[in-house]
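Sharing a structure with you now.
The values are calculated or read from the model by the stated rules, or taken from the named source; none is laboratory data. Remember, it's a predicted structure, so these values are computed and weren't measured experimentally. Backbone-built Cβ (ideal geometry, glycine too); neighbour counts: all protein chains shown.
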Amino acid sequence: MIAPFWRRGYIAPMPIPGNSRFVAIVDDDDLMRGALQGLLKAAGLPARAFASAEEFLQSGQHHHSACLIADIRMPGMSGLELQAKLNDEQIRIPTIFITAHGDSRMRMQALRAGAVEFLAKPFDDEILLESVRAALAR
């Protein structure tokens, strides 16, 4: 579960290589997007949030993303479909999937396609931050 940023201890900022690189958050849930963006900001990680996979792709920002946090189940294009589209276009972004509706088959599909993590909601914010840091270190 994501705790409010003021209840967590200080987390030293981790720079993201490149001038305009950031962590992209793609989730159709407004509250989850805001919570994730706040968590990453509190950890010193620049983040941009998108309400859908289509919005993320249309923004052109996928070319500047150092890491992607994506929900699996969203209206329109799912997180797995977004991952497949990026892979088809040879755009390799370390991806962390979050879902309330995942199963082992879906997890294996995501990991085989290159995801670095697959987290079930609710998840521990420290585990997510560790996953983001590992993805950025790739």
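Is it the case that some residue within segment 76-98 is assigned to a loop (DSSP other than H, G, I, E, B), in contact with a helix residue (DSSP H, G or I) (Cβ under 6 Å, 6 or more places away or on another chain), at positive phi and modelled with pLDDT of 95 or more?
The answer is yes; a qualifying residue exists.
Considering only segment 99-124, state which residues are of a type in the set (A, V, I, L, M, F, W, C), under 24 Å from residue 58 (Cβ atoms) and in contact with a strand residue (DSSP E or B) (Cβ under 8 Å, 6 or more places away or on another chain).
110, 115
Looking only at residues that are at pLDDT below 95 and over 13 Å from the mean Cα position of the chain (by Cα) in segment 125-138, which one is nearest to residue 41 (Cα to Cα)?
The extreme case among them is 137.
So, one more: Would a scan of segment 35-57 turn up a residue that is within 13 Å of the chain's Cα centre (by Cα), outside any loop (DSSP other than H, G, I, E, B), of a type outside the set (D, E, K, R) and modelled with pLDDT under 95?
Checking segment 35-57: not a single residue is within 13 Å of the chain's Cα centre (by Cα), outside any loop (DSSP other than H, G, I, E, B), of a type outside the set (D, E, K, R) and modelled with pLDDT under 95.
Does any residue of segment 120-132 turn out to be over 14 Å from residue 36 (Cβ atoms) and of a type in the set (Ser, Thr, Tyr)?
Checking segment 120-132: not a single residue is over 14 Å from residue 36 (Cβ atoms) and of a type in the set (Ser, Thr, Tyr).
Right, next: Given the criterion touching a Lys or Arg at 6+ places or on another chain (Cβ under 9 Å), surrounded by 17 or more Cβ atoms within 10 Å (Cβ to Cβ), in a loop (DSSP other than H, G, I, E, B) and not charged (D, E, K, R), identify the matching residue among 24, 115.
115
Could you look through segment 72-107, keep only residues that are of a type outside the set (Lys, Arg) and without any contact (Cβ under 8 Å) to a residue 12 or more places away in the chain, and pick out the one that is farthest from residue 49 (Cα to Cα)?
Checking each candidate, the answer is 104.
Among the residues that make up segment 64-73, is at least one of them farther than 14 Å from residue 95 by Cβ and touching a Lys or Arg at 6+ places or on another chain (Cβ under 7 Å)?
Yes, because at least one residue in segment 64-73 is farther than 14 Å from residue 95 by Cβ and touching a Lys or Arg at 6+ places or on another chain (Cβ under 7 Å).
Test of understanding: among 69, 127, 96, which residue is loosely packed, with under 13 Cβ neighbours inside 10 Å and touching a strand residue (DSSP E or B) at 6+ places or on another chain (Cβ under 8 Å)?
Within the list 69, 127, 96, the selection yields 127.
Let me ask something else about it. Among the candidates 137, 110, which residue alone is over 15 Å from residue 25 (Cβ atoms), free of Cβ contacts under 8 Å to residues at least 40 places away in the same chain and surrounded by 20 or more Cβ atoms within 10 Å (Cβ to Cβ)?
The unique qualifying residue is 110.
Hey, another quick one. Mind checking which pairs have a first residue in segment 60-71 that is closer than 13 Å to residue 137 by Cα and a second that is surrounded by fewer than 20 Cβ atoms within 10 Å (Cβ to Cβ) and at pLDDT 90 or above, Cβ under 8 Å, 6 or more apart or different chains?
66/22; 66/136; 67/136
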